[in-house]
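Participant: Take a look at the following structure, please.
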Amino acid sequence: MLHQIEKWIDQTNIEYQEQRISCSKFFDEFKGFYPLEFLQQSYFVIVDTIPKPNFPELRQMGLGDFIDMEVHGITYKNTYYVLAQFASDLRLHFHELVHVAQWGHLGAIAFMERYITEIQTSGYHEAPLEKMAYDFDAHFTRGGEKVDVLNYVAQKV
């Protein structure tokens, strides 16, 4: 199942490749949190509808609520998708970049396996990978001290 999802993710990222925007545009805003090289290798796509895999097997696993949940953004590997009306929301970009770091550190299959397990056992809002992203975006929004997000993710994930 996870390989089927990864194939769908890869295909989705290819379909939107021409619309990707480099996250290096956020270097000044995110300086001290994310290194330039990471931002240069991370991308976002502005969309009208968030792309999500909608395989029957995911619903059978109890993930229907997650699939149907309205979100402002979603991350697939080094690319995340944001709704057009939230394209200028720095907090959302910061949040999704935490997920890019998690994907990068864990790898696709391990990330998906862990993410799905956390959603199933803890629910979306209490899932540790989500909590980490929400805690970080709140810290950034409050003007908290600079923290090396990549190093933090590597230590805590």
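The values are calculated or read from the model by the stated rules, or taken from the named source; none is laboratory data. All values derive from a computational prediction rather than experimental measurement. Cβ coordinates were reconstructed from backbone atoms using ideal geometry, including for glycine residues, and neighbour counts include every protein chain displayed. Please note that ligands, DNA and RNA were not included when accessible areas were found on the heavy atoms of the full protein model with its side chains. Shrake-Rupley method; radii C 1.70, N 1.55, O 1.52, S 1.80 Å.
Participant: Which condition number in (1) closer than 20 Å to Leu2 by Cβ; (2) crowded, with 18+ Cβ neighbours inside 10 Å; (3) among the small types (Gly, Ala, Ser) is the one that Ala110 fails?
Facilitator: Result: Ala110 fails condition (2) only.
Participant: Look at Ala138 and say whether it is in contact with a helix residue (DSSP H, G or I) (Cβ under 7 Å, 6 or more places away or on another chain) and either open to solvent by 30 Å² or more (accessible area, probe 1.4 Å) or not aromatic (Phe, Trp, Tyr) (or both).
Facilitator: The answer is no for Ala138.
Participant: With the condition being touching a Phe, Trp or Tyr at 6+ places or on another chain (Cβ under 7 Å) and modelled with pLDDT of 95 or more, I'd like the helices (runs of 4 or more DSSP H) fully within the stretch 106-157 carrying at least 2 qualifying residues.
Facilitator: 128-141, 149-156
Participant: Please state which one of Tyr16, Tyr34 is farther than 24 Å from Gly143 by Cα and in contact with a Phe, Trp or Tyr (Cβ under 8 Å, 6 or more places away or on another chain).
Facilitator: Checking each option against the conditions leaves just Tyr16.
Participant: Hey, among the residues in the stretch 38-67 that are under 20 Å from Asp10 (Cβ atoms) and more than 19 Å from the chain's Cα centre (by Cα), which one's surrounded by the fewest Cβ atoms within 10 Å (Cβ to Cβ)?
Facilitator: The residue in question is Glu57.
Participant: Still on this structure: Here is a list of conditions, (1) more than 24 Å from Leu150 (Cβ to Cβ); (2) surrounded by fewer than 17 Cβ atoms within 10 Å (Cβ to Cβ), and Leu90 meets all of them except one; can you say which number that is?
Facilitator: (1)
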